[in-house]
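The values are calculated or read from the model by the stated rules, or taken from the named source; none is laboratory data. Remember, predicted model here, so these are calculated numbers, not experimental data. Because the Cβ atoms are built from the backbone with ideal geometry, glycine has one as well, and the counts that use them run over all protein chains shown.
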Amino acid sequence: MYPHPFRYFRAGSISEAISLLGELGGEARFIAGGQSLIPLMKLRLARPTALVDLNFIPGLARIEMNDGGVWFGAMARHADIAESRAAARIPILRDCAGGIADVQVRNRGTIGGSVAEADPSSDWMAVLLALGADVRAVGEGGDRVVPIEQFVVDAFTTDLRPGEMVREISVKLPPKKSGGAYIAVKRSAPVYATAGVAVHLSLGDRDTCAEARIVAASVGLTAVRLGEAEKALRGRRIDDRTVEGAAEAAMAGVDPPSDQRGSAEYKRLLVGALVRQAIGASLARARGESVEVKHDYAGR
Ligand SMILES: Cc1cc2nc3c(=O)[nH]c(=O)nc-3n(C[C@H](O)[C@H](O)[C@H](O)COP(=O)(O)OP(=O)(O)OC[C@H]3O[C@@H](n4cnc5c(N)ncnc54)[C@H](O)[C@@H]3O)c2cc1C
């Protein structure tokens, strides 16, 4: 289906994008990779009267890393993040960015668009929550930084104020002896996950877990941080027993809906299995081993 008619504006700077959106009024939208917005427009589920294109703003796709952290410009594409130095340093970024949909979507879709869209099935939300990322928003009133945990308010709803755009997403460099992994089960490449789990942990002495963050994707209205599963690891030596405790707590901590991707019970079992796998990969990476993880595609 053709989209409803709209006007198109190409912004040359962040300030121009913000003032254009303000001038064009409430029905205007930013467009980044178009991988969520364009399909919705073609289905006429979204009917913006005007689009403000962010693709030609210099510097908005940059990825920078120093000793303190990594900064992703809002227009950084999934494919560029997967191949970045940052992803080599923090492999959970590669697990996520390199596993989103297919190569076409990864070449166009952006981290800023994913965060602004706040799709409950987004892979990025779980991973950014596990990494404790910050979102820098900018509007006519200036910049503000919002922790990702507060940025996501509900399904498809963020803390962005009218007229604001996402400028940047940042993550701190994890301490030494840290590792994380993101693994999802997908029915096929170009669809969202049936369930996904992101784990990030830091080790103390003798494989004791000093810190852990565990987040489930695609099993609720937002990505779900699994506090009880984290507690099952924190301060304990990571062995089969503690991993099993975390998996049990994770399964008890999710309340997924039954839908075309699977029954609630199936998704709960997936979460348990993915927690076990993701902790194993995270532990190996925290010990300095090079471990590749892959999403599990049904029927593969
Ligand atoms: C076939 C297919 C399969 C997919 N599978 C997955 C998947 O498995 N996992 C996954 O995580 N994602 C998946 N996606 C979504 C993909 O990751 C998109 O790239 C992402 O959701 C949106 O990014 P975008 O740059 O395309 O944003 P757009 O579609 O351009 O924009 C999305 C929304 O965000 C707003 N917006 C965009 N950028 C900004 C900004 N900087 N500031 C404020 N608002 C902004 C727009 O106005 C719009 O409302 C899939 C998409 C397709 C088409």
Total residues in segment 59-76, condition at pLDDT 95 or above and either small (Gly, Ala, Ser) or buried (at least 22 other Cβ atoms within 10 Å of the Cβ) (or both): 10
Residue check, Ile81 more than 10 Å from the ligand (Cβ to nearest atom), modelled with pLDDT of 95 or more and crowded, with 18+ Cβ neighbours inside 10 Å: yes
Residue among Ala76, Ala101, Ala86, Ala82 that is of a type outside the set (Phe, Trp, Tyr) and under 30 Å from Gly25 (Cβ atoms): Ala76
Failed criterion for Asp205 (all others in (1) surrounded by fewer than 20 Cβ atoms within 10 Å (Cβ to Cβ); (2) touching a His at 6+ places or on another chain (Cβ under 7 Å) hold): (2)
Scope segment 289-300; condition within 21 Å of Cys96 (Cβ to Cβ) and over 20 Å from the mean Cα position of the chain (by Cα); matching residues: Glu289, Ser290, Val291, Ala298, Arg300
Members of segment 247-300 that are in contact (Cβ under 8 Å) with a residue 12 or more places away in the chain and among the charged types (D, E, K, R): Glu248, Asp255, Arg261, Lys267, Arg268, Arg276, Arg285, Arg287, Lys294, Asp296
Hits in segment 262-288 - residues which are farther than 14 Å from Ile183 by Cβ, surrounded by fewer than 22 Cβ atoms within 10 Å (Cβ to Cβ) and in contact with a strand residue (DSSP E or B) (Cβ under 7 Å, 6 or more places away or on another chain): Gly262
Where Pro39 falls short, out of the listed (1) touching a residue at least 12 places away in the same chain (Cβ under 8 Å); (2) near the ligand (Cβ under 10 Å from one of its atoms): (1)
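For every residue, the table says whether it meets (1) more than 15 Å from Val166 (Cβ to Cβ); (2) outside the structural domain of Asp143 (by TED's automatic domain parsing).
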{"residue": "Leu20", "(1), (2)": "yes, yes"}
{"residue": "Leu24", "(1), (2)": "yes, yes"}
{"residue": "Phe30", "(1), (2)": "no, yes"}
{"residue": "Pro39", "(1), (2)": "yes, yes"}
{"residue": "Leu45", "(1), (2)": "yes, yes"}
{"residue": "Pro48", "(1), (2)": "yes, yes"}
{"residue": "Gly69", "(1), (2)": "yes, no"}
{"residue": "Ala86", "(1), (2)": "yes, no"}
Every residue from segment 66-89 that is over 14 Å from the mean Cα position of the chain (by Cα) and under 16 Å from Pro174 (Cα atoms): Asn66, Asp67, Gly68, Gly69, Val70, Trp71, Arg85, Ala86, Ala88, Arg89
Candidates Arg62, Arg106, Arg77 - the one that is closer than 30 Å to Ser202 by Cβ and in contact with a Ser or Thr (Cβ under 7 Å, 6 or more places away or on another chain): Arg77
